[in-house]
């Protein structure tokens with residue numbers, strides 16, 4: 001699936017397109033499919049999110065959204081060397097797949 | 001150290017307000033990201049993987065206790081309680097919000113600091129020998145020249161849209177402790193027949209095309225320093241490549257023209273600019289230099305020398321000489337020009353730690369020690385450590401005890417644990433692989449096996465991508481992280497040095513995965529230990545025996 | 001008039017001008033043409049042009065336009081200073097991708113008129129021109145630098 005991500009304009013926080021807005025949690029990301037380009041253009045123009053882009057992702061057996069590339073997996077969780085600063089999510093299995 | 005006058009203060013204050021206005025226009029949607037990006041970059045604000053990152057300039061790595069405390073306060077007020085000291089003597093905050101950035105800059109300005117030109121295609125923060133003003137072997141303190149350059153380069157109207165970024169480094173000793181020849185312009189202050197002048201090395205750098213800067217002029221009179229720099233920059237601004245960002249640094253221009261032709265063009269521009277008159281008045285350098293007058297060192301009779309320290313410690317267990325203090329004194333102190341004094345390195349490389357990171361509390365402890373024991377002066381070293389430049393040998397026991405209690409007394413300067421590592425894929429949007437976990441695991445491995453001491457001086461440097469922020473080209477051992485089909489892979493290189501014996505490392509062969517490269521580092525140190533002659537450092541043995549034995553052990 | 005203009009900006013397109021003389025109202029020629037023609041009084045410099053080729057002709061030039069196709073290309077700043085350092089006193093016009101945040105530096109390099117592709121907000125521009133009370137470097141303007149002021153008798 002294709003999901004959309006970027007950084008919030010004001011805070012810089014990593015955000016994910018949830019179908020109606022931008023969420024801090026990768027698990028909220030929805031498949032934007034063929035609408036990706038249109039949503040990206042609209043959201044960039046609305047100046048809410050910095051340089052949003054589409055990436056490949058999948059959903060694992062437990063229902064967690066897993067970005068395909070290592071860089072976006074690190075973005076989804078936080079620095080691997082500072083797990084105390086991780087994005088606050090109930091998904092404790094994330095660190096098993098990030099690298 | 002230098003103090004702002006009302007002019008300097010007004011400049012940084014005006015810049016804060018200018019940026020506040022720019023950020024406002026961005027948040028109101030009146031600037032696109034394409035338009036805003038170069039403006040925020042000129043103020044040190046990047047967008048990284050997880051958030052905005054603010055890079056604060058610490059000119060020539062010098063700051064006082066109050067400034068370090070201000071950095072600690074910013075870490076807590078606007079960030080997550082820590083900062084990261086970099087190879088260019090700056091500090092980076094990883095979690096700054098755009099809406100807070102102008103306030104953070106205003107706090108910096110109140111303490112005579114700024115983030116001006118810490119990014120963008122302009123003249124960046126001027127770096128210098130971290131032992132400046134203290135080292136026993138320096139000709140003179142290089143920092144007045146660095147400050148003169150700082151002021152000249154700040155908001156330079158002609159040079160804010162150069163082909164690419166531009167880094168100066170100033171030293172004043174034969175020994176190079178600042179990677180001088182791996183800068184766009186490296187300046188060595190020298191004395192000839194009693195006259196002070198500057199050697200200009202132009203066109204060095206790391207990145208994807210590492211080049212050692214050639215000497216372009218052996219002596220520029222000190223009252224023509226700015227004019228020569230202006231000429232060197234103008235030739236670059238006019239003729240540096242702008243068609244390909246990977247070929248846009250001045251090193252490519254100098255390389256493609258040849259050093260002789262580049263020099264000829266600079267000399268021509270220099271002669272012209274001398275007739276125009278762009279040099280600051282002579283009195284300005286003298287005014288600046290007064291701020292760098294040596295502190296009032298105590299008479300040697302009020303301190304000890306290192307032998308006295310050792311003999312006192314031998315008779316008194318409270319010194320804990322064998323419990324870490326002795327090793328720390330041996331490894332982490334540096335000879336000082338004043339008798340009875342040394343410079344003391346505060347390692348930000350605890351075993352298993354993140355190279356260069358310091359918490360707000362640690363910054364405050366360091367600030368207190370500077371105030372109490374080092375004439376209110378601190379340095380950021382290009383090795384991502386901190387330094388108390390002027391401490392009495394007699395005060396070392398108290399300093400070490402305080403550092404030890406704060407987790408800041410790792411006795412590992414210039415050892416394999418003293419690793420330079422860029423933030424890598426844990427933080428950086430350019431990175432292809434993580435750097436920090438490698439540094440953590442290698443330092444743990446060598447500390448556990450006790451081999452740190454056996455191996456001695458060994459400079460290991462790790463970059464998470466080809467941009468080489470971790471100086472891997474200049475490591476005795478260098479590691480470069482690459483992306484191999486979506487997984488992290490690491491190339492090993494050997495034989496680099498950024499010191500006065502500057503050389504560029506060569507790649508050993510095919511890359512390794514994370515476990516593999518850690519094992520490979522152990523393998524090459526095995527080869528070294530097996531082959532070294534008396535007194536040889538790793539780099540000396542490598543230069544004597546060459547790459548083959550290492551390759552054989554790694555891939556044979 | 002505008003139809004006959006092959007190259008260059010018209011006075012109507014100039015948004016900011018710091019001169020009292022009448023603006024030149026005809027097209028500019030390229031640097032090459034300027035060096036070949038003996039009567040050209042207005043010329044346009046592109047980023048790759050060598051401004052020093054114009055030095056023999058400065059007496060007859062009344063307008064030099066310096067084009068910034070992209071604001072990130074800073075060669076025009078050097079071109080401007082080189083002309084002023086050689087004594088050029090005619091109009092020096094920055095044209096193209098000229099943005100608010102470049103105005104004060106351009107002014108210091110000797111530009112005295114500005115014809116941005118996209119008109120700039122007047123208030124933002126006024127603020128930008130007035131940003132710096134003091135300056136660190138000598139440049140093409142006649143302002144005394146901070147260092148000069150520190151050491152005046």
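The values are calculated or read from the model by the stated rules, or taken from the named source; none is laboratory data. Owing to the predicted nature of the structure, the values given are computational and were not obtained by experimental measurement. Reconstructed Cβ throughout: ideal geometry from the backbone, glycine too, with neighbour counts over all protein chains shown.
Summary of values
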{"quantity": "Residues of segment B:422-431 satisfying the condition of being buried (at least 22 other Cβ atoms within 10 Å of the Cβ) and either free of Cβ contacts under 8 Å to residues at least 12 places away in the same chain or under 15 Å from residue B:483 (Cα atoms) (or both)", "calculated": "B:424, B:425, B:426, B:428, B:431"}
{"quantity": "Subset of segment B:122-140 that is part of a loop (DSSP other than H, G, I, E, B) and surrounded by fewer than 24 Cβ atoms within 10 Å (Cβ to Cβ) - its residue that is nearest to the other protein chains (Cβ to nearest Cβ)", "calculated": "B:122"}
{"quantity": "The listed residue being within 11 Å of chain A (Cβ to nearest Cβ), part of a loop (DSSP other than H, G, I, E, B) and within 23 Å of residue A:51 (Cβ to Cβ), out of B:30, B:40, B:80", "calculated": "B:30"}
{"quantity": "Hey, residue B:49 without any contact (Cβ under 8 Å) to a residue 12 or more places away in the chain and over 24 Å from residue B:133 (Cα atoms) or not", "calculated": "no"}
{"quantity": "Unique match (being within 14 Å of another protein chain (Cβ to nearest Cβ) and touching a strand residue (DSSP E or B) at 6+ places or on another chain (Cβ under 9 Å)) among B:340, B:356", "calculated": "B:356"}
{"quantity": "Residue check for residue B:100: surrounded by fewer than 22 Cβ atoms within 10 Å (Cβ to Cβ), more than 14 Å from every other protein chain (Cβ to nearest Cβ) and not in a loop (DSSP other than H, G, I, E, B)", "calculated": "no"}
{"quantity": "Among the candidates B:60, B:93, B:52, residue that is surrounded by 21 or more Cβ atoms within 10 Å (Cβ to Cβ), touching a helix residue (DSSP H, G or I) at 6+ places or on another chain (Cβ under 8 Å) and within 19 Å of residue B:150 (Cβ to Cβ)", "calculated": "B:60"}
{"quantity": "Candidate set: segment B:268-297, residues that are crowded, with 16+ Cβ neighbours inside 10 Å and away from every other protein chain (no Cβ under 14 Å); chosen: the one nearest to residue B:182 (Cα to Cα)", "calculated": "B:292"}
{"quantity": "Residues of segment C:111-144 classified as outside any loop (DSSP other than H, G, I, E, B), without any contact (Cβ under 8 Å) to a residue 12 or more places away in the chain and surrounded by 17 or more Cβ atoms within 10 Å (Cβ to Cβ), total", "calculated": "0"}
{"quantity": "Helices (runs of 4 or more DSSP H) completely within segment B:245-295 that count 3 or more residues being more than 28 Å from residue B:212 (Cα to Cα), touching a helix residue (DSSP H, G or I) at 6+ places or on another chain (Cβ under 9 Å) and modelled with pLDDT of 95 or more", "calculated": "B:259-276, B:282-291"}
{"quantity": "Strands (runs of 3 or more DSSP E) enclosed by segment B:449-552 - at least 1 residues per element that are more than 24 Å from the chain's Cα centre (by Cα)", "calculated": "B:477-484, B:487-494"}
{"quantity": "Tally, over segment B:522-538, of residues that are within 25 Å of residue B:433 (Cβ to Cβ) and out of contact with any helix residue (DSSP H, G or I) (no Cβ under 6 Å at 6 or more places or on another chain)", "calculated": "2"}
{"quantity": "Which listed residue, of B:511, B:496, B:456, B:516, is more than 14 Å from chain A (Cβ to nearest Cβ) and in contact (Cβ under 8 Å) with a residue 60 or more places away in the chain", "calculated": "B:456"}
{"quantity": "Some residue of segment B:47-61 being part of a helix (DSSP H, G or I), more than 14 Å from chain A (Cβ to nearest Cβ) and in contact with a strand residue (DSSP E or B) (Cβ under 8 Å, 6 or more places away or on another chain)", "calculated": "yes"}
{"quantity": "Search result, residues across segment B:469-487 that are touching a residue at least 12 places away in the same chain (Cβ under 8 Å) and surrounded by fewer than 24 Cβ atoms within 10 Å (Cβ to Cβ)", "calculated": "B:482, B:483, B:484, B:487"}
{"quantity": "Residue within segment C:122-135 that is within 11 Å of chain B (Cβ to nearest Cβ) and under 14 Å from the mean Cα position of the chain (by Cα) present", "calculated": "no"}
{"quantity": "Conditions (1) in contact with a helix residue (DSSP H, G or I) (Cβ under 9 Å, 6 or more places away or on another chain); (2) in a loop (DSSP other than H, G, I, E, B): number failed by residue C:70", "calculated": "(1)"}
{"quantity": "From B:396, B:430, residue being closer than 22 Å to residue B:132 by Cα and over 17 Å from the mean Cα position of the chain (by Cα)", "calculated": "B:396"}
{"quantity": "Selection status of residue B:178, surrounded by fewer than 24 Cβ atoms within 10 Å (Cβ to Cβ) and either in contact (Cβ under 8 Å) with a residue 12 or more places away in the chain or more than 14 Å from chain C (Cβ to nearest Cβ) (or both)", "calculated": "no"}
{"quantity": "Enumeration of residues in segment B:401-443 that are assigned to a loop (DSSP other than H, G, I, E, B) and within 14 Å of chain A (Cβ to nearest Cβ)", "calculated": "B:419, B:422, B:423, B:427, B:428, B:429, B:430, B:431, B:432, B:433, B:434, B:435"}
{"quantity": "Options B:39, B:31: the member that is free of Cβ contacts under 8 Å to residues at least 60 places away in the same chain, within 26 Å of residue C:128 (Cα to Cα) and more than 26 Å from the chain's Cα centre (by Cα)", "calculated": "B:31"}
{"quantity": "Answer from C:94, C:80, C:51, C:70 - the residue that is within 24 Å of residue C:139 (Cβ to Cβ) and exposed (fewer than 13 other Cβ atoms within 10 Å of the Cβ)", "calculated": "C:70"}
{"quantity": "Residue list for segment A:17-52, filter: within 13 Å of chain B (Cβ to nearest Cβ) and touching a helix residue (DSSP H, G or I) at 6+ places or on another chain (Cβ under 7 Å)", "calculated": "A:26, A:49, A:50, A:51, A:52"}
{"quantity": "Filter pass, residue C:103 being closer than 24 Å to residue B:26 by Cβ, in contact with a helix residue (DSSP H, G or I) (Cβ under 8 Å, 6 or more places away or on another chain) and buried (at least 17 other Cβ atoms within 10 Å of the Cβ)", "calculated": "yes"}
{"quantity": "Number of the exception - residue C:108 against (1) crowded, with 22+ Cβ neighbours inside 10 Å; (2) modelled with pLDDT under 95; (3) facing chain B (nearest Cβ under 7 Å)", "calculated": "(2)"}
{"quantity": "Selection count, segment B:190-211, where residues are assigned to a strand (DSSP E or B), surrounded by fewer than 19 Cβ atoms within 10 Å (Cβ to Cβ) and free of Cβ contacts under 8 Å to residues at least 24 places away in the same chain", "calculated": "1"}
{"quantity": "Test: residue B:238 is modelled with pLDDT of 95 or more and either surrounded by 15 or more Cβ atoms within 10 Å (Cβ to Cβ) or within 29 Å of residue B:1 (Cα to Cα) (or both)", "calculated": "yes"}
